[in-house]
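The values are calculated or read from the model by the stated rules, or taken from the named source; none is laboratory data. Owing to the predicted nature of the structure, the values given are computational and were not obtained by experimental measurement. For neighbour counting, all protein chains shown are included, and Cβ atoms are generated from backbone atoms with ideal geometry for every residue, glycine included.
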Amino acid sequence: MITAKIDLTQLQHVVKEMNGKSGPTKCLIIPIDSNNLFTGKNGNVYLDLVGFELKTIGQYGDTHMIKQSLPKDVREKMTDEQKKAMPIFGNMKVSDGPTASTPNVTAADLDLAADEEDLPF
């Protein structure tokens, strides 16, 4: 198994407390377009990532670093300096531990309105 931790705060974002069904809920709000996220036909939003193998194993056993995989047209407009300055979203390593499953939640499941003040959860 390969494990990974992703630092979503490397994307453009805002942390905001909003009203949820059980009271105030701390939220991470991530703009779709300015972060080059991909919206599928089903309405799901994807962050494309790529892992690069490290030349040496990291302090915590990490074997790869994770960066965002950008569309070709965006990548071609970037300078070499801009490409090198892209944030590292996390690291990956091979692990023998158990896996935790997370349910898939679609945009339709959340039924979010664009100007909605309160959260559906």
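When the stretch 19-57 is limited to residues that are in contact (Cβ under 8 Å) with a residue 12 or more places away in the chain, small (Gly, Ala, Ser) and more than 18 Å from ILE2 (Cβ to Cβ), the one that is surrounded by the most Cβ atoms within 10 Å (Cβ to Cβ) turns out to be GLY20. Going by what's in this entry, would GLY51 be described as in a loop (DSSP other than H, G, I, E, B) and either more than 11 Å from the chain's Cα centre (by Cα) or not β-branched (Val, Ile, Thr) (or both)? No; evaluated as a whole, the condition is false for this residue. Within the stretch 84-91, one or more residues are loosely packed, with under 11 Cβ neighbours inside 10 Å and either over 30 Å from LEU119 (Cα atoms) or touching a Gly at 6+ places or on another chain (Cβ under 7 Å) (or both).
Is it true that ILE88 is of a type outside the set (Gly, Ala, Ser) and without any contact (Cβ under 8 Å) to a residue 60 or more places away in the chain? Judged against the criteria, ILE88 is not a match. Across the stretch 64-88, which residue is nearest to LEU11 (Cα to Cα) among those that are β-branched (Val, Ile, Thr) and part of a loop (DSSP other than H, G, I, E, B)? Ranking the qualifying residues of the stretch 64-88, first place goes to ILE88. Please verify whether GLY61 is part of a strand (DSSP E or B) and either among the hydroxyl-bearing types (Ser, Thr, Tyr) or at pLDDT below 95 (or both), treating the condition exactly as stated. So GLY61 fails the test. Can you give me the number of residues within the stretch 1-30 that are farther than 23 Å from ASN91 by Cα and not in a strand (DSSP E or B)? Qualifying residue count, the stretch 1-30: 2.
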